[in-house]
Amino acid sequence: MELLGLLLLPCFLGLLTTVASERPHLLQRASFLHLDGGTEVPKVPRAVPIPGSQTWPSDESSDRCTARNAYTCGDGQRCCCMFGCSYDLEKDNCTACDAADPLVRQFHIPSSHLWKERAEGICSAEFAHRCGAACCCNANFRWNMETRHCEAAEDLAMVIETLPAPPVPPEDVVPGSQTWTAAGISCESRNAYSCSDGQHCCCRFGCVFNPEKDSCSACSADSPQVKSFHIPSSHLWAERIKEGTCEPEHSHACGKACCCHGKYRWDLEQRHCVAAASTVATAEGASVAEKKLVAPPKPDPVPGSQTWLTGGTCEAKNAYKCGDHCCCMFGCEFNAERDSCTSCSDNDPLVAKFHIPASHLWNARREKQLCDEPESHRCGQACCCNAGYLWNMESRRCIIYK
Ligand SMILES: *[C@@H]1O[C@H](CO)[C@@H](O)[C@H](O)[C@H]1NC(C)=O
């Protein structure tokens, strides 16, 4: 029997994974495994206390477990679903109670549906609870026909206690977002939260960093990350509904629910966000910073433009200073007849490709037509790093390209 159990385990694990992935919110039924050795008496289910059920609040009208179709089990602080009901993670409640459930059919106390008290909804026998239209002995107990009591059973069905914790998403660190806090802008105001390094902001689950807005945006409640990694039943939390906030440490609002920050997972038992052992690689995580660098254009000084500098500026001719000459601003072309850079276009491919993301929003650019970052110049409606330089998103500087 022991050997059989070991041999069957991988198959059951496979089955469990399927069940869990198809119906991730229903766990209880999958946790009972019956290894009924042929004609033997079926093994009594082992008590599987609902993780975290010790946190369920007490209710004046009924017992705290009974309020959720459960009964007291385990250490006496936790609850187990009544036979025939399933624990629904998203409701944090035992639901879908079914009188025709195999557990009820197999383990109800014979003739208990005829008990007078049962008609009033009560199963007062010690170690018993309501199940279907009858009463059942609690998990770990078996009805003794002779003594007519629920007695502790020795031979319990096997249970797979916990499925391994799946990896969680990494932090989606916004490169250069340390400049937000330095400028007095909160992570939250840009759909982000403070990353674990205490410096950067990380996009909330379901939101994506948009460099042109310099903000996390396009937040979606249907994003796979929110769907897979929100805290079960957190959409029912009073503070989430009333104030839009998420109380647990290391958590943030995501979709209609709360999510643990990147690198954290929800511990159902402790009901906290705890540091996770491993993280998954996600497409959303591979952000701007990891994009391959594109070589910037090489400086192309206007021949003879050193003369522009005597008594004038490069800017007066739609150019910027490069070395001791002037170079045309991106999007403009040198016109020899006018001895100036002209026909500047906002939609020039160079501008489109090399403007500094979100620089069209900079105050100096908008109010004073000025690009005051070192090694940058006006281009289209934005600013561009000078030829030979590339914008570094993290340091938010134009850095010489090598
Ligand atoms: C649990 O679900 C039952 C219905 O299955 C409902 O009557 C009960 O109010 C729920 N309890 C809580 C605390 O949500």
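Read-outs throughout are calculated quantities, based only on the coordinates presented, and are distinct from any laboratory measurement. Since we're looking at a predicted model, the values are computed, not measured. Virtual Cβ from ideal backbone geometry, glycine too; neighbours counted across all protein chains shown.
Here are a few things to note about the model shown:
- Computed from Cα atoms, the angle from the helix 2-22 axis to the main principal axis of the chain rounds to 50 degrees.
- A simple charge model with +1 on the Cβ of Lys and Arg, -1 on the Cβ of Asp and Glu and nothing else charged puts the dipole of region 54-118 at about 240 debye relative to its Cα centre.
- Above-threshold pairs, the threshold being 26 Å between Cα atoms, out of Lys317/Lys353; Lys91/Lys213; Lys213/Lys298; Lys321/Lys368: Lys91/Lys213; Lys213/Lys298
- For the chain, the relative contact order works out to 10 percent when only alpha carbon pairs closer than 8 Å and six or more residues apart are counted.
- Note on Glu315 and Ala364: their simple-model spin labels are 1.0 nm apart, each label 7 Å out from Cα toward Cβ.
- Distance histogram in 5 Å bins (all Cα pairs of region 97-249, percent per bin): 2, 8, 12, 12, 10, 7, 7, 7, 7, 7, 7, 7, 5, 2, 1, 0
- Relative to its residue count, region 178-290 spans a Cα convex hull of 114 Å³ per residue.
- Difference of contour (0.36 nm per residue) and Cα-Cα distance, Ile399 to Glu239: 53.1 nm
- Applying 1/(1 + (r/R0)^6) with r as the Cβ-Cβ distance of Ala152 and Ala277 and R0 = 56 angstrom yields a FRET efficiency of 0.95.
- Selection from Ser305, Pro170, Gly331, by position along the positive dipole direction of the chain (Cβ): Ser305
- Under the convention that each Lys and Arg Cβ holds +1 and each Asp and Glu Cβ holds -1, the size of the dipole of the chain around its Cα centre is about 620 debye.
- Difference of contour (0.36 nm per residue) and Cα-Cα distance, Glu333 to Lys353: 5.5 nm
- Overall shape of the chain was characterised from the C-alpha gyration tensor. The equivalent ellipsoid obtained from it has semi-axes of 69, 20, 14 Å, in decreasing order.
- Among Arg365, Arg130, Arg64, the largest mean-square fluctuation in a Gaussian network model of the chain, built with springs joining Cα atoms closer than 10 Å, belongs to Arg365.
- Positive contributions from Lys and Arg (+1) and negative ones from Asp and Glu (-1), summed over other residues with Cβ under 9 Å from the Cβ of Gly262, come out at -1.
- Here each label is just a point 7 Å from Cα along the line to Cβ, and for Lys91 and Asp346 those points are 5.5 nm apart.
- Rg to Rh quotient for region 306-400, alpha carbon positions, Kirkwood Rh: 0.96
- Relative contact order for region 178-290: 16 percent, from Cα pairs under 8 Å spaced at least 6 residues apart, divided by residue count.
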